[in-house]
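**Q** To start, I am sharing the structure in question, which I have written as structure tokens.
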Amino acid sequence: MSRTALVTGGSRGIGAAISKGLSDAGYKVAANYAGNDDAATKFKNETGIPVYKWSVADYDACVAGIAKVESDLGPVDILVNNAGITRDGMFHKMSREQWQEVIDTNLSGLFNMTHPIFPGMRERGFGRVINISSINGQKGQAGQVNYSAAKAGDIGFTRALAQEGAFKGVTVNAICPGYIGTEMVRAIPQKVLDEKIIPQIPVGRLGEPEEIARCVVFLASDDAGFLTGSTISPNGGQFFS
């Protein structure tokens, strides 16, 4: 019986590539999404991967959504915490709402999703928790104090929980992508990409969502059983940590 993977924010961008990559690798995949019904329906129709709607910022919604996934597909063996939002602004102009919305989704969302699933992983003696952080959680970024703080918190969450899960066969790792050629990034004016962003990347290009997905597929595999508490940084050499 194939293992079940649940990907938050799994119907668009990097999350969609992760969902497809895990499905292609033979996992039963559930893709969570928060609000874009049209994109989720299109993704489901194109891939055959079932989609489930709830906000990872809402603990009770996570508990109910996870229960539905497990009823449909079986216990979740691989959890990919990918869902994230931005509410950018310079700190001296940032509102409490901008701060809280990002923390609630990008950091508390990890607790809300992992907390209901982790005990079952421990009991079964196998689990993979893969947290999608960011290069900006490693190095910081002006205009993203909220986002950088949350993504740095994701790394701390990863390292601490890895120590709790290791002896029970549950690994917890983080991936910190650099600039990836998603729809959102490619919407940046080409002049800005060419003059401001790509010159910072030693390999000279944006990453592709599929490159992040391949990292996830490896971390989800039995071959990655000795790797836990680690941070993988697919960023084209932009930042070393």
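**Q** Give me a count of the residues in the stretch 165-224 that are in a loop (DSSP other than H, G, I, E, B), farther than 19 Å from residue 9 by Cα, modelled with pLDDT of 95 or more and of a type in the set (A, V, I, L, M, F, W, C).
**A** Looking only at that region, the number is 3.
**Q** Would you confirm, using the coordinates I've provided, whether residue 21 is in a helix (DSSP H, G or I), touching a residue at least 12 places away in the same chain (Cβ under 8 Å) and touching a Lys or Arg at 6+ places or on another chain (Cβ under 7 Å)?
**A** yes
**Q** Residue under question is residue 63, and the condition is that it be without any contact (Cβ under 8 Å) to a residue 60 or more places away in the chain, under 14 Å from residue 117 (Cα atoms) and of a type in the set (A, V, I, L, M, F, W, C); does it hold?
**A** So residue 63 fits the description; yes.
**Q** Give the residues of the stretch 34-60 that are touching a residue at least 40 places away in the same chain (Cβ under 8 Å) and either surrounded by 22 or more Cβ atoms within 10 Å (Cβ to Cβ) or touching a helix residue (DSSP H, G or I) at 6+ places or on another chain (Cβ under 6 Å) (or both), sorted by residue number.
**A** 51, 55, 56, 57, 59
**Q** For the stretch 116-156, which positions are more than 13 Å from the chain's Cα centre (by Cα), of a type in the set (A, V, I, L, M, F, W, C) and surrounded by fewer than 22 Cβ atoms within 10 Å (Cβ to Cβ)?
**A** Scanning the stretch 116-156 gives 118, 126, 142, 145, 149, 152.
**Q** Sticking with this structure for a sec: Determine the pairs where a residue that is within 19 Å of residue 136 (Cβ to Cβ) and in contact (Cβ under 8 Å) with a residue 40 or more places away in the chain, located within the stretch 198-222, has a partner that is hydroxyl-bearing (Ser, Thr, Tyr) and assigned to a loop (DSSP other than H, G, I, E, B) with Cβ atoms under 7 Å apart, the partner being 6 or more residues away or on another chain.
**A** From residues that are within 19 Å of residue 136 (Cβ to Cβ) and in contact (Cβ under 8 Å) with a residue 40 or more places away in the chain, the pairs are 209/182.
**Q** Need the failing condition index for residue 27 against (1) farther than 23 Å from residue 218 by Cβ; (2) crowded, with 19+ Cβ neighbours inside 10 Å; (3) of a type outside the set (D, E, K, R), just the number.
**A** Result: residue 27 passes all but (1).
The values are calculated or read from the model by the stated rules, or taken from the named source; none is laboratory data. If you're wondering where the values come from, they're calculated on a predicted model, not measured in any experiment. With ideal geometry, Cβ positions are generated from the backbone for all residues, glycine too; neighbour counts draw on all protein chains shown.
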